[in-house]
1. In nm, give the distance between the simple-model label positions of Thr155 and Val213, each being 7 Å from the Cα along the Cα-to-Cβ direction.
2. About the Cα centre, and with charges only on the beta carbon of Lys, Arg (+1) and Asp, Glu (-1), how big is the dipole of region 23-127? Nearest 20 debye, please.
3. Would you kindly derive the ³J(HN,Hα) couplings of region 198-205 from the backbone phi angles with the Karplus curve 6.51 cos²θ - 1.76 cosθ + 1.60 (θ = phi - 60°), listing them in order in whole Hz, with x for Gly and Pro?
4. Placing +1 at every Lys and Arg Cβ and -1 at every Asp and Glu Cβ, with all other atoms neutral, what dipole size does region 392-435 have around its Cα centre, in debye to the nearest 20?
5. So how much slack lies between Asp294 and Phe359, counting 0.36 nm per residue of separation and subtracting their Cα-Cα distance, in nm?
6. Could you provide, to the nearest whole Å², the per residue accessible area of region 242-346 with probe 1.4 Å?
7. Relative contact order (percent) for the chain, with alpha-carbon contacts under 8 angstrom and 6 or more residues of separation?
8. What percent of all Cα-Cα pairs in region 159-289 falls into each 10 Å bin, going from 0 up to the bin containing the maximum distance?
Amino acid sequence: MKRIALLLFIVTLFAGSLSAQTHENEDKKSPIAIKAYPFRGMYLDKNTHYEKFGPINPAGVHMGVEFPSLQQRPWQQYLGNPTVGIGLSWLDFGKPQDPDMAKLGMGFAVYPYILLDAIDTDHFQMRFKVAGGLAAVTEHWYTQDDTDPDHYYHTTVNTIFGCTLNAYLNAGINLNIPITRYLAVGGEFGYFHMSNGRVCMPNIGVNALYGSVGLTATLNSDVEKEPVKFPDLPYAWSLNITGAAGAHKAAIADKHRFLISSFHAGAVYHATNWYGVGLGLDAFYNGAIDNNTDRSLYVKRPEGYSTLDKIRVGVSLNNEFKFGAVTAIVDWGVYLFNPSRHYYDCDHPIYGYGKRPLFYKNDGAGTDEAFHYIRFGLKCRVWDNIYLQANAKTHLHIAEYIEFGIGYQIPFLKKQNRKAGQSAIFHYRRNWWKD
């Protein structure tokens, strides 16, 4: 607690000193905020992997450097002039009650985030926070002495993480109450998730709720610029074509990883400047549908599995949330071609070990199998209409894999934005609205 108080004092003192210096500087460019929010939380996963450690709760500090909008870019106008930031979090996962148990250790996360205004007055602000990045943990399955796969359910081992690097996701409500022109007290209440998407095993991960109170110091708070008025996006429809691939581990005992890949083609209607919705066609390949794994999800077939057995094809409802060059993706789809559904190695209460219909009832919470899928993704435009993309595909809340890919967007100009003799396809440029 003393260290947290000292950290808050240093941040406040440092920010106040910089604010005084920059106030005297005539070449002021833009406001910048520095924040530190100590937090405590509670785990949502009350299962064997956590209960064996006794009553433990996560704690730590969320820190950030923020850049309030000066209304100089189109995406800022479209989203109501949000604040963007770079976050750094220190997390303590808790200490087991039994000193003979494996350690849970600590984590460090780095991530960009965005704060979307819900209430904005001179005396109170409430904003929605969305963040995503990477986190490293100090303790996982392979840092402990006992890494025998047969001891997976022993009460002395750490089965939360399977490798050092993990994905980090965070969402919540941010509250801010200004005290002076340069200092504000605030709080944040939200949820964070950490896991590796089966890149390595185990992959139980962390799901936690948290609450925090802290301070925010703003530099150059008196800087303002004349807002720029931007036109709407010049297109209403676009096509997306994406190819992606990766590798995942099916079981702890496996000494190898399996290739996974996907292809997506979809049409999106851009209902607003920041949101689009459409339909897509997906094809997936999962090399882990195989006899050569210790995982018991699929039966061991004497004849093995063909390439066709490892392919799934589905249609999906696509949702896009645009933040300038970055777009967040949330898709929900159903399989139309899914031969592997007949080979699950479990005695289903309805279907037994036999064949299942195309749309079947899954085997309850926590199962790895389903007739539908969810895909969460981020894509970043890098040049013209080319983008890089990262996806996490899940069945219900159970991750199947993470993949990385490249794609091309084909936006079709609205009729009123087309010029004679020019292509009907829109090509991104930095200052496209000036054409």
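1. Result: 3.7 nm between the two label points.
2. 240 debye
3. Ordered by residue, 3J(HN,Hα) equals 6, 4, 9, 10, x, 9, 5, x Hz.
4. 520 debye
5. 20.7 nm
6. On a per-residue basis, 42 Å².
7. With pairs under 8 Å counted, the relative contact order is 12 percent.
8. Per 10 Å bin, starting at zero, the Cα-Cα P(r) for region 159-289 comes out as 10, 19, 23, 26, 18, 4, 0 percent.
The values are calculated or read from the model by the stated rules, or taken from the named source; none is laboratory data. Predicted model only: the values in this text are computed from it and were never measured. Cβ coordinates were reconstructed from backbone atoms using ideal geometry, including for glycine residues, and neighbour counts include every protein chain displayed. Note: accessible area is taken over every heavy atom of the protein model, side chains too, but ligands, DNA and RNA are not part of it. Shrake-Rupley method; radii C 1.70, N 1.55, O 1.52, S 1.80 Å.
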